[in-house]
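Heads up, the thing below is written out as structure tokens.
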Amino acid sequence: MTHPGGHAAIELLGISKSYGIGNDQQVRAADDVSLSIGQGAFVALTGASGSGKSTLLHLIGAIERPDSGTILASGTDVTALRGAALAAYRRTVGFVFQRYNLLPALTALDNVIAPLLPYRTTFNKRERGRQLLAAVGLAGREQSLPAKMSGGEQQRVAIARGLINTPALLLADEPTGNLDSANAAEILQLLATLREERDMTIILATHDPQVAAHAERLIRLRDGAVIDDIALTGEYPVDDVIRRVGQLG
């Protein structure tokens, strides 16, 4: 199936990123990371707090720029993009974060279409927003304000917002971190369903081994470096996967 947003094969080649001032205060958030992620994959980045999960998502999404190395998206060198070309690439990527980042004065529908407001589109923004809210199970809640919605419902709105540009790639940073186990399971199932329906690539960062075990591939990070890359084929019992991923120290 050809995705309307283009293919989302991601390749990281020797990516490094440090923060801080002076050699003695530098924190290595990405340490010579090389990865290849195919179109339609569901990948979990796992590791303890500070291991570099969020940094990799920000680099892939072009929110930040690496100090060295190359990031390719469908063959395009993302690290070489500037100006309008960089902005255009960012619009092909969907983002979902642990904090829902909804605007409290806007309705659910207006929050979903907010990223499109500065741009002209060839489609009806509000109609697409309604369709996405229905896709995440919120049909009829278009006019609800965030304060009148549960945490799980707010995260569904955030997911719909992340899909408004029909992205080929969805980056999710601890998307279930503020949810109870029941709502977390629903969000993970929703992401899996949307991925199948829309042929999306999903890269999800989480410190929770039970969340990571829902992915097809687990990439463990420590101090900005990849220390394990596990493909899940269904032959491993989930409990074994959780035990393996849980060894983050």
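Numbers below:
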| read-out | value |
| --- | --- |
| Pairwise centroid distance, computed over Cα atoms, of the range 62-113 with the range 174-188, Å | 23 Å |
| Residue-wise HN-Hα coupling along the range 190-205, computed from phi with Karplus coefficients 6.51, -1.76, 1.60 (Hz; x: Gly, Pro) | 4, 4, 4, 5, 4, 4, 5, 5, 10, 6, 8, 8, 10, 10, 10, 9 |
| Protection-proxy order for peptides 177-188, 207-218, each taking the mean of Cβ atoms within 10 Å per residue, highest first | 207-218, 177-188 |
| Filtered trypsin sites (Lys or Arg not before Pro), the range 75-112: DSSP coil and at most 16 other beta carbons within 10 Å | Arg82, Arg91, Arg99 |
| The chain - mean residue ellipticity at 222 nm from DSSP helices (-39,500 (n - 2.57) per run, n ≥ 4, rounded to 500) | -8500 deg cm²/dmol |
| Ranked by how many other beta carbons lie within 10 Å on average, peptides 146-155, 48-57 from highest | 48-57, 146-155 |
| Dipole magnitude (debye, nearest 20) for the range 81-133, charges at Cβ of Lys, Arg, Asp, Glu | 160 debye |
| Full-extension gain in nm, Asp77 to Asp229, via 0.36 nm per residue minus C-alpha separation | 52.3 nm |
| Under DSSP loop assignment and at most 16 Cβ neighbours within 10 Å, longest chymotrypsin sites (Phe, Trp or Tyr not before Pro)-free interval of the chain | 124-249 |
| Dipole magnitude of the chain about its Cα centre (Cβ charges: Lys, Arg +1; Asp, Glu -1), debye to nearest 20 | 980 debye |
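None of the figures in this text is laboratory data; all of them are computed from the coordinates on show. Everything numeric here is computed off the predicted structure, so don't read it as measured data. Methodologically, a virtual Cβ is constructed for each residue, glycine included, from the backbone with ideal geometry; neighbour enumeration extends over all protein chains shown.
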